[in-house]
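Novice: This is the structure, below, for whatever I ask next.
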Amino acid sequence: MTTVIETRDLVRRFGEGETMVTALDHVSVTIEEGEFTAIIGPSGSGKTTLLQLIGGLDEPSEGDVFLSGTNIAHMSGTELSDFRRDHIGFIFQSYNLIPVLSAEENIEYIMLLQGISEKNRKDRVKEMLALVGLEGLGDRRPAQLSGGQQQRVAVARAMASKPDIILADEPTANLDSATGIALLDVMRELNKQMNMTFVFSTHDQKIMDRADRLIHLEDGRIHLDERRTP
Amino acid sequence: MLTLKLAFRNILRQRRRSLLTALSMTGGYMLFVFSMSLLEGSWSNVVDIFTLDQTGHVQIHKDDYAKRPKIHKTIRDRAAVERVLESHDEVTGWAPRVYSAALAYGGDKTSPAQVFGIDPALEPSVTRILQKVTEGEYLDAAPNADGYFKAMIGRGLARTLHLGIGDEIVLISSGADGSIANDIFIVTGIVGNATSFDRLGVYLPITVAQEFLSTGADVHEYALLAKDKHDNENLAVDLQGLLPELKVSPWQEIEATFYRTMQSDKQGNHFTMGLIVFIVFIGVLNTVLMSVLERTREFGVLKSIGSRPFQLIRLIFLETIMLAGISVAVGFVLILPVVIWFTEVGLQLDMAVDMGGVVFDTMKGEMSTYVFFMPMGFMLLTAALISIPPGLRAARILPRVALGSH
């Protein structure tokens, strides 16, 4: 197994002096390629903070984050942008698609940033839409899609750049139960088919049920790291 | 292409706001072009007045005659000069002249006078001398039946000396050879009005003036018109190369004080228009900043998925330039017929202005690439500059903070 994510003594503090809060307190964790991992815990336990640090969206107060062997903890803004573009796919709770772009264009945009040729982009968009079951809906704008469909587009967008890992922050929180299950099945299938590494931050029992690893966070520390068979 | 599409669709997001912003830019551009057209047209009119009244577009002299006129500073090799002027494609008309100060007598009255020796045939190819004859008739070089040569005099001189058509005028001056020049001429025409530059002028046929002033066949000046009046400075440079022994000057040198005044006025107008455009663009800046603030979360997403800060600056730049470009294009289409009308027809003035006998009763604009494209370039450049602060703001957005915003 190849290690794709490794955090070493990761600390993230917010605020200063008496108002200082330690969101993550010396968290060290290793995630292997192809794992379907859920980071769980009560609100304020540090799930989203950990996900953001792994995704290079935030800078740790202390410690290191290695993604595919590269320490991203102290990269500059442009280096991080490039690293995120080429190595990390994001799925957000509220989809966060660009409203003025169609589903196809939302998926295509990240490949444009990667400098992929137009023909290859178009081919990959079709492939991604088919993978998430949205053939024929590519020309619709986000507002013309249901929540579940939008989140599928977000999954396709995250996959389009062929990242090493996909980080998903509460991806099913805004979806009804049936839609959430359907979306999770899509992601689980992609995980199995393509050996894609997924890391979730979630409260959702449906995700926990499908995860093959549960990392329990409490007060910014790893309370339990549980490997299981879904 | 996708980035352009994204930029264009972002403009259309808040259509009403974009429309209002575009309208203010369109209005600013139209105002700028209209003001430039009128200003350039007015100054062009004024320049025409004095260049076609006397100065011409380019003048040729011996040494520094234009600054320090002396009767002996004459152009001798006229054939060489005239060969150059005749064969030059950019010269549409030329005329030789001699000048001298004189004392004029009419009956028992005297007055200082300025003698202009002109070629009656060639002078109208450079100036509006024919139109300026307000009484009597235009000069010719032949003597009258009594053997007296003819003269046209300025309206001021005619009043001072109480002279009319057919009267005698006596001129006394000094010849180029040091002799006393004096002769009697018959007034056959009165030119201009009491405010003309030549109100105290006496126009003589050039051959007569040369004989009167003992200059031989020499002349003091050649005045000429350029095919393209806006290119007269280049023509002067070209002619100077062909006539290295002489001094060739564009009207901008001959009328240096006026030229500086005109340039100052134009700069003042440019500054005022620049200020108006700046005020317009404060509104544009507000719009673009608002647009960036509203899309904080979206910029956070774009950064999360790998957009570089520079790419966000470029996106804002494209949006602003597109909006400005569309506004200016619309403004161009709207103002074009107005400028054409002002250039071709013009606005009839309530009170006509008499400029030395030539009546100007219409305010006209000017249509040129400069009038349209200078404001266009200025607007687009300002739009580009205005896009920088919002672009930097978008570029500095922290994804963690932006994704937490709603």
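The values are calculated or read from the model by the stated rules, or taken from the named source; none is laboratory data. Keep in mind that what you see is a predicted model, and the values were worked out from it rather than measured. Don't worry about glycine lacking a Cβ; one is built from the backbone with ideal geometry, like all the others, and counts go over all protein chains shown.
Novice: Determine if region A:37-44 includes at least one residue that is within 14 Å of chain B (Cβ to nearest Cβ), under 19 Å from the mean Cα position of the chain (by Cα) and surrounded by 22 or more Cβ atoms within 10 Å (Cβ to Cβ).
Specialist: no
Novice: Also: Go through A:PHE83, A:PHE92 for me and flag whichever is among the hydrophobic types (A, V, I, L, M, F, W, C) and touching a residue at least 60 places away in the same chain (Cβ under 8 Å). If you could, list the steps in order and put the result at the bottom.
Specialist: Working: A:PHE83 fails: touching a residue at least 60 places away in the same chain (Cβ under 8 Å).
Answer to the check: A:PHE92.
Novice: Would you mind stating whether B:TYR203 is under 24 Å from the mean Cα position of the chain (by Cα), outside the structural domain of B:MET25 (by TED's automatic domain parsing), among the hydroxyl-bearing types (Ser, Thr, Tyr) and in a strand (DSSP E or B)?
Specialist: On the way: under 24 Å from the mean Cα position of the chain (by Cα): no; outside the structural domain of B:MET25 (by TED's automatic domain parsing): yes; among the hydroxyl-bearing types (Ser, Thr, Tyr): yes; in a strand (DSSP E or B): yes.
Taking the combined requirement at face value, the residue does not satisfy it.
Novice: Would you point out the residue of region B:242-278, among those that are at pLDDT below 90 and in contact with a Phe, Trp or Tyr (Cβ under 6 Å, 6 or more places away or on another chain), that is nearest to B:ARG76 (Cα to Cα)?
Specialist: B:MET262
Novice: For the structure I just gave you, tell me whether A:GLY89 is under 30 Å from A:LEU175 (Cβ atoms), within 13 Å of chain B (Cβ to nearest Cβ) and touching a strand residue (DSSP E or B) at 6+ places or on another chain (Cβ under 8 Å).
Specialist: Working: under 30 Å from A:LEU175 (Cβ atoms): yes; within 13 Å of chain B (Cβ to nearest Cβ): yes; touching a strand residue (DSSP E or B) at 6+ places or on another chain (Cβ under 8 Å): yes.
Considered against the rule, which asks whether it is under 30 Å from A:LEU175 (Cβ atoms), within 13 Å of chain B (Cβ to nearest Cβ) and touching a strand residue (DSSP E or B) at 6+ places or on another chain (Cβ under 8 Å), A:GLY89 comes out as yes.
Novice: Can you find even one residue in region A:87-103 that is surrounded by fewer than 19 Cβ atoms within 10 Å (Cβ to Cβ), at pLDDT below 90 and out of contact with any Asp or Glu (no Cβ under 6 Å at 6 or more places or on another chain)?
Specialist: yes
Novice: For the condition surrounded by fewer than 21 Cβ atoms within 10 Å (Cβ to Cβ), of a type in the set (Lys, Arg) and within 21 Å of A:ALA168 (Cβ to Cβ), what is the one hit in A:ARG140, A:ARG84, A:ARG124?
Specialist: Details: A:ARG140 fails: within 21 Å of A:ALA168 (Cβ to Cβ); A:ARG84 fails: surrounded by fewer than 21 Cβ atoms within 10 Å (Cβ to Cβ).
The conditions single out A:ARG124.
Novice: Which residue is nearest to the other protein chains (Cβ to nearest Cβ), if the candidates are limited to region B:17-56 and must be over 22 Å from B:THR382 (Cα atoms) and charged (D, E, K, R)?
Specialist: It comes out as B:GLU40.
Novice: May I ask you to say which residue of B:GLU298, B:GLU294 is more than 48 Å from the chain's Cα centre (by Cα), within 14 Å of chain A (Cβ to nearest Cβ), within 30 Å of A:ILE88 (Cα to Cα) and surrounded by fewer than 17 Cβ atoms within 10 Å (Cβ to Cβ)? Walk me through it before giving the result.
Specialist: Values: B:GLU298 fails: surrounded by fewer than 17 Cβ atoms within 10 Å (Cβ to Cβ).
Sole residue among the options that is more than 48 Å from the chain's Cα centre (by Cα), within 14 Å of chain A (Cβ to nearest Cβ), within 30 Å of A:ILE88 (Cα to Cα) and surrounded by fewer than 17 Cβ atoms within 10 Å (Cβ to Cβ): B:GLU294.
Novice: Return the only residue of B:GLY404, B:GLY391 being surrounded by 21 or more Cβ atoms within 10 Å (Cβ to Cβ), closer than 30 Å to A:THR48 by Cα and among the small types (Gly, Ala, Ser).
Specialist: B:GLY391
Novice: Being at pLDDT 90 or above, over 18 Å from the mean Cα position of the chain (by Cα) and crowded, with 23+ Cβ neighbours inside 10 Å is true for just one of A:LEU67, A:LEU24, A:LEU53. Which residue is that? Walk me through how you get there before you give the answer.
Specialist: Values: A:LEU67 fails: over 18 Å from the mean Cα position of the chain (by Cα); A:LEU53 fails: over 18 Å from the mean Cα position of the chain (by Cα).
After ruling out the rest, the residue left standing is A:LEU24.
Novice: Looking at region A:55-73, is at least one residue within 14 Å of chain B (Cβ to nearest Cβ), of a type in the set (Gly, Ala, Ser) and without any contact (Cβ under 8 Å) to a residue 12 or more places away in the chain?
Specialist: No, region A:55-73 has no match at all.
Novice: Condition check: part of a loop (DSSP other than H, G, I, E, B) and more than 14 Å from chain B (Cβ to nearest Cβ). Does A:LEU129 satisfy that?
Specialist: Working: part of a loop (DSSP other than H, G, I, E, B): no; more than 14 Å from chain B (Cβ to nearest Cβ): yes.
Considered against the rule, which asks whether it is part of a loop (DSSP other than H, G, I, E, B) and more than 14 Å from chain B (Cβ to nearest Cβ), A:LEU129 comes out as no.
Novice: Scan the strands (runs of 3 or more DSSP E) fully inside region B:57-148 and keep the ones with 3 or more residues being at negative phi and either in contact with a His (Cβ under 9 Å, 6 or more places away or on another chain) or polar (S, T, N, Q) (or both).
Specialist: Values: elements: B:58-61, B:91-106, B:109-118, B:133-136.
Passing ranges, in order: B:91-106, B:109-118.
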